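Q: Input: one structure, supplied below.
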Amino acid sequence: MRPRASAAEGTVDPCVDACLVGLAAYPKGNSPDFGYGTAGFRAKADGLDHIMYRMGLLAAIRSKALGGKAIGVMVTASHNPECDNGVKLVEPMGEMLPIEWEAKATLVANASDQSLGEVLKRLMEEVDADANIIAKVVVGRDTRKSSPHLALAVLDGAGALQPAVTRSLGLATTPQLHYVMRCLETNGGYGRPTLSGYCDKMVAAFASLTACGAAEGSDQTATTATTTPAAAESKTPKYVPELVVDCANGVGASALGPLVGRLKEAGLNINLKNTGEGALNSGCGADFVKLKQQQPANVDTSSIRGASLDGDADRLVYYYGGDGAKFKLLDGDRLALLFAHYVAQLMKEGGLSGPRLGLVQTAYANGASTAYAKSVLGEENVLCAKTGVKHCHHAALALDIGIYFEANGHGTILFSDNFVAWAVAECKKPGPGGVAAKKLMLFREVINEAVGDAISGLLAVEACLKLLDWSCEDWLARYDDLPNRQIKVAVKDRFIFETADAERRCVQPEGLQAEIDKLVAGVPLGRAFVRPSGTEDVVRVYVEAATVDETLKLGQAVVDLVFTR
């Protein structure tokens, strides 16, 4: 392999060199164009080689533009079928790629083979990227058969823009890559920047939190004036430290497997299912359970609670009851409200009122969950953001303790610098306030703040259920979901539909929202909204009402309105 001269030597333009390497090894040819969105690029795996190479190039440029900070690249298609794959970039603190860079990613991906070098050169000038700075790129991949060679294409791309240093994590969940990025950026302040460091942090945090004792007001501590000491001591805990976890035949099994023995020592028994013996996301995984409203293959929850991860372990849902009518789902709305309930109770227990605790939902959150959230947190602390975790994440930054989860189980909790400073000070004080603040800081350690993390979320759920002494029935009983339906309507041009107010109001076509409002007004507890799909020529309709029959009627009426536009 011939050596590449650095930009400082002036003999070879690195952008031209990168273009030549791409043309030789990863040509675009006549491949269709793609668009970078919230999930990055996703498509059939056999058409992504050039995309991967070019995202390696883009990651190197982003790193150079940030003065040599490390950029992550994850090769995964998450909950998509095995035949698909995808790629997305990760910022130094574990955040998603800034929105303004999504257009740059699309531009690089779709440039012709002959123009790629010039496109890269103009981009580096636009973002003021110093070609002489050493780029740092970290790459992770999931278990898809296509992922190893696609990850290699990313590494080739990042290495083409010399000087550059690349690092492969090998098999990793998406949240693990985000964790490693934050650890690198904080020089180890967030943890050790390795997969084993992730495991160590998760286990230690879970063990410390669950050993700190039940929250005041939990079912464990709830006794009446007539309860005798002997009766209180003999009270059987509702929480049972045992569950079955569906790994979606994905990379979650590789990440969770090493934790099973250590978590058992910490008091939690986990039985892993769908660990790779079947097809990825086929009949299993968080999305299957959420959409089909049934337990996954090879999992029986008739006498035990279950949890499902998705293909790259960034989504989580719980469920119990077995098959058929007894099946009960605990989705992202329920996860968020469990965490909100626990944190609010801790703050009440300690008499703490400084930090602003709030919840961010999307329009897809069930109306009953929103009503319950407002009763726990106050109406002013329940926010609504546009669909997509990047929008929820941004909205949560306005809170001191910002909880956000989409109904599909993707989300996390953010703790502001103000909260951390406040909690550190409170921890030093004697009394209930100091104790509660310490518990809040321990809870923070279990959470992966960088991104939605199914494994971190699972441990946080188990800790909350144990410390509250709740069964799944107690968890479900906080509120009853309103019947709801999501419907896709095929349209000729989705772009004529425009929304406002976090996608809850349709402002174009003119008059459509007024007609929807009339329909909703005639239905008890009715709610409906429409929004264009970001990826296909369909309009998505959401409806809910007090009964199933009213929901179905409202849904059909709204569909008819959309279809006639």
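Read the figures in this text as sums done on the coordinates, not as results from a lab. All values reported here derive from a predicted model rather than from experimental measurement. Cβ atoms come from the backbone with ideal geometry, glycine included; neighbour counts cover every protein chain shown.
Q: Out of all DSSP beta bridges with both ends in region 235-334, state the antiparallel percent to the nearest 5.
A: Expressed as a percentage, antiparallel bridges in region 235-334 total about 45.
Q: Ignoring everything except DSSP H segments at least 4 long, calculate the 222 nm mean residue ellipticity for the chain; use -39,500 (n - 2.57) per segment, divide by total residues, nearest 500.
A: Using -39500 (n - 2.57) per qualifying helix, the result is -12500 deg cm²/dmol.
Q: Compute the length gained on full extension between Asp200 and Cys427: take 0.36 nm times their separation in residues and subtract their Cα-Cα distance, giving the result in nm to one decimal.
A: Stretched out fully, the Asp200 to Cys427 stretch lengthens by 79.3 nm.
Q: For every other residue with a beta carbon closer than 15 angstrom to the beta carbon of Gly283, add +1 if it is Lys or Arg and -1 if Asp or Glu, then tell me the sum.
A: -4
Q: Continuing with the same structure: Of all the stretches in the chain, which is the longest one without any exposed loop site, taking GluC sites (Glu not before Pro) in a DSSP loop (any state but H, G, I, E, B) with at most 14 other Cβ atoms within 10 Å?
A: 1-276
Q: What is the spin-label model distance, in nm, from Leu107 to Thr547 if the labels are put 7 Å beyond Cα along the C-beta direction?
A: Each label point is offset 7 Å from its Cα along the Cβ direction, giving 5.7 nm.
Q: Another question about this same structure. For Glu126 and Gln508, what is the calculated FRET efficiency with R₀ set at 35 Å and r taken between the beta-carbons, to the nearest 0.05?
A: On the way: r = 32 Å, r/R0 = 0.93.
Step by step, r from the Cβ atoms, then E = 0.60.
Q: When we measure straight from the Cα of Lys235, which lysines land under 22 angstrom away, once same-chain ones fewer than 8 places off are left out?
A: Cα-Cα hits under 22 Å: Lys466.
Q: Sticking with this structure for a sec: Length gain on complete extension for the stretch Glu95 to Glu473, per 0.36 nm per residue less the alpha carbon to alpha carbon distance?
A: Residue separation times 0.36 nm, minus the Cα-Cα distance, leaves 132.6 nm.
Q: Obtain the nm distance between the two label points defined at Glu242 and Lys326 by a simple spin-label model: each point lies 7 Å from its Cα along the Cα-to-C-beta direction.
A: If labels sit at Glu242 and Lys326, their model points lie 1.6 nm apart.
Q: Ordered by packing density, taken as the mean number of other Cβ atoms within 10 Å over each peptide's residues, highest first, how do 551-558, 57-64 rank?
A: 57-64, 551-558
Q: Please list, or write none, the lysines whose alpha carbon is within less than 18 Å of the alpha carbon of Lys553, excluding same-chain residues fewer than 8 places away.
A: Correct list for Lys553: Lys488, Lys518.
Q: Just in region 349-445: which trypsin sites (Lys or Arg not before Pro) are loop by DSSP and have at most 10 other Cβ atoms within 10 Å?
A: Those that pass, being in a loop and sparsely packed, are Lys428.
Q: Next question. Is there a pair in Lys328/Lys374; Lys374/Lys429; Lys201/Lys390; Lys386/Lys429; Lys64/Lys201 whose C-alpha atoms are over 32 Å apart, and which pairs would that be?
A: In this structure, Lys386/Lys429 exceed 32 Å between Cα atoms.
Q: Related question: Placing +1 on the Cβ of each Lys and Arg and -1 on the Cβ of each Asp and Glu in region 252-367, which of Ser308, Pro258, Gln345 has its Cα farthest towards the positive end of the resulting dipole?
A: Checked the options; the winner is Gln345.
Q: By how many nm would the segment from Asn269 to Ser303 grow when fully extended, if each residue of separation counts as 0.36 nm and the alpha-carbon distance is taken off?
A: Going from the current span to full extension adds 10.8 nm.
Q: Run through the DSSP bridge list for region 331-476 and note the antiparallel percent, rounded to the nearest 5.
A: Just about 40 percent of them are antiparallel.
Q: Let me ask something else. Please compute the net charge surrounding Leu482, taking Lys and Arg as +1 and Asp and Glu as -1 over other residues with Cβ under 12 Å from its Cβ.
A: -3
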